[in-house]
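Student: Here it is, the structure, as structure tokens.
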Amino acid sequence: MVKKQLIMEKSLELFAENGFEATSVQQITERCGISKGAFYLYFKSKDELINSLIDHFMTSIITELEQSVSATQSREELLYNFLYISLGEFQQQSNFAKFFMTEQVLSYNKDLFERMQTYMAMFNRIIYSIVERQFAQTPPNMYLDLVFTINGFVKSYSELFLLDNYKLDLSLLCKSIVEKVTLVAQNATIQVVTADYLAYINQIPKYTKDQLIELINTIQEEIRDDSLVEESLQLLKADLQEPTLSRVVLVGLLKNIKENENCKWCAYLYEKFLQNED
């Protein structure tokens, strides 16, 4: 296991056990079996570690959800697939989910709070796109209220199995939530969330060429065992510096790197960059 990944995994264990404030760098290094110098080689502080944990979890789930929504042909399966991926990730990454449900670190750290708000806006934008397609018969003025209805169910049920350790069948849970949301979509008439909120959830992170190059450089330092991904990243970076490749070739290169866990977010941002260039 790469040391950076080890630090992130073990620190989450400690944060979930003891809380953020009560966990020291010394405890993290002892749990990892590494020196403090090794820790500071990857992270300048605990806050930077938290940033990395947020980025790792949220970028992974958002890119997976984006891909699922884009690939799902049947409108009736959109919400189910979204829920299955989201709640499944919460179960698999339970230490992360538990920590951010119970920890107050975001409430007093403005940068971390804004970071999470940006990701949640993207999360809600994905839900909104699902509502538009799956519940097209619902009056459009109710779409945003449906977004918050879905969010409420996700939060409540995830607390049930994460915090209360209540055993749930994931597939059955997702079907149940879809049923409940469908009933709301068919019957709700009182609008609470107005259209101005759309401007907030439609925020899409925009990376410049230099920022994408820097991101690729960081990934290249961490990837040493996949020659196809390494070569694809190098070609993508070279095209940012001096565009020569066709759009078809770029799409193929992005497909090459998408399967690598470390590259999903990079591929997502690169695709958004290309869309902005059109």
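The values are calculated or read from the model by the stated rules, or taken from the named source; none is laboratory data. All of these numbers come straight from a predicted model, not from anything done at the bench. Note: ideal-geometry Cβ built from the backbone for every residue, glycine included; neighbour counts use all protein chains shown. Each accessible area value is taken on the protein alone, full model and side chains, heavy atoms only, with ligands, DNA and RNA left out. Shrake-Rupley method; radii C 1.70, N 1.55, O 1.52, S 1.80 Å.
Student: Within the chain, which whole H helices from DSSP have a Cα span along their axis of at least 27 Å and a mean Kyte-Doolittle hydropathy of -1.0 or more, if any? Let's see the in-between values first.
Tutor: On the way: long enough: 46-71 (37 Å, 0.15); 110-134 (35 Å, -0.32); 143-162 (28 Å, 0.84).
In the chain, the long hydrophobic H runs are 46-71, 110-134, 143-162.
Student: At a 1.4 Å probe radius, carbon and sulfur cover how many percent of the accessible area of the chain?
Tutor: Working: 7360 of 14820 Å².
C and S fraction of accessible area: 50 percent.
Student: State the dimensionless ratio Rg/Rh of the chain (Rg: radius of gyration of Cα atoms; Rh: Kirkwood radius).
Tutor: Values: Rg = 20.3 Å, Rh = 20.6 Å.
We get a ratio of 0.98 for the chain.
Student: If you don't mind, another one. Using a 1.4 angstrom probe, figure out how much accessible area the chain has per residue, in square angstrom, rounded to the nearest whole. Don't skip to the end; give the middle numbers.
Tutor: Details: 14820 Å² over 278 residues.
Heavy-atom accessible area per residue stands at 53 Å².
Student: Taking 8 Å as the Cα distance limit and 6 or more residues as the minimum spacing, I'd like the relative contact order of the chain as a percentage. Could the numbers behind the result be given before it?
Tutor: Numbers: 198 pairs, mean separation 49.1, N = 278.
Worked out over the chain, it gives 18 percent.
Student: Here's another thing I want to ask about it. As I understand it, the dipole of the chain uses +1 on the Cβ of Lys and Arg and -1 on the Cβ of Asp and Glu, about the Cα centre. Which of Tyr143, Leu87, Thr59 lies farthest toward its positive end?
Tutor: Going by the charge dipole, the pick is Tyr143.
Student: Then there is this: Kirkwood hydrodynamic radius (Cα pairs, Å) of region 209-277? Intermediate results must be reported in sequence, preceding the final value.
Tutor: Details: mean 1/r = 0.0847 Å⁻¹.
Hydrodynamic radius (Kirkwood, Cα pairs) of region 209-277 is 11.8 Å.
Student: For a quick size check, give me the Cα extents of region 1-107 along its three principal axes, largest first, whole Å.
Tutor: 51, 27, 21
Student: Can you give me the Cα centroid spacing of region 144-184 and region 251-278 in angstrom?
Tutor: What the calculation gives is 31 Å, centre to centre.
Student: Also: At 25 °C and 0.890 mPa s, grab the translational diffusion coefficient of region 73-182 from Stokes-Einstein with a Kirkwood Rh over Cα pairs, rounded to a whole number in µm² per second. Before the final figure, lay out the partial values.
Tutor: Working: Rh = 15.0 Å.
The calculation lands on 164 µm²/s.
Student: Sticking with this one: Counting other C-beta atoms within 10 Å, and keeping those with at most 16, which DSSP coil trypsin sites (Lys or Arg not before Pro) do you find in region 182-232?
Tutor: Counting only loop positions with at most 16 other Cβ atoms within 10 Å, the trypsin sites (Lys or Arg not before Pro) in region 182-232 are Lys206, Arg224.
Student: Heads up, I need the accessible area for Thr118: 1.4 angstrom probe, whole protein in place, Å², nearest 10.
Tutor: 70 Å²
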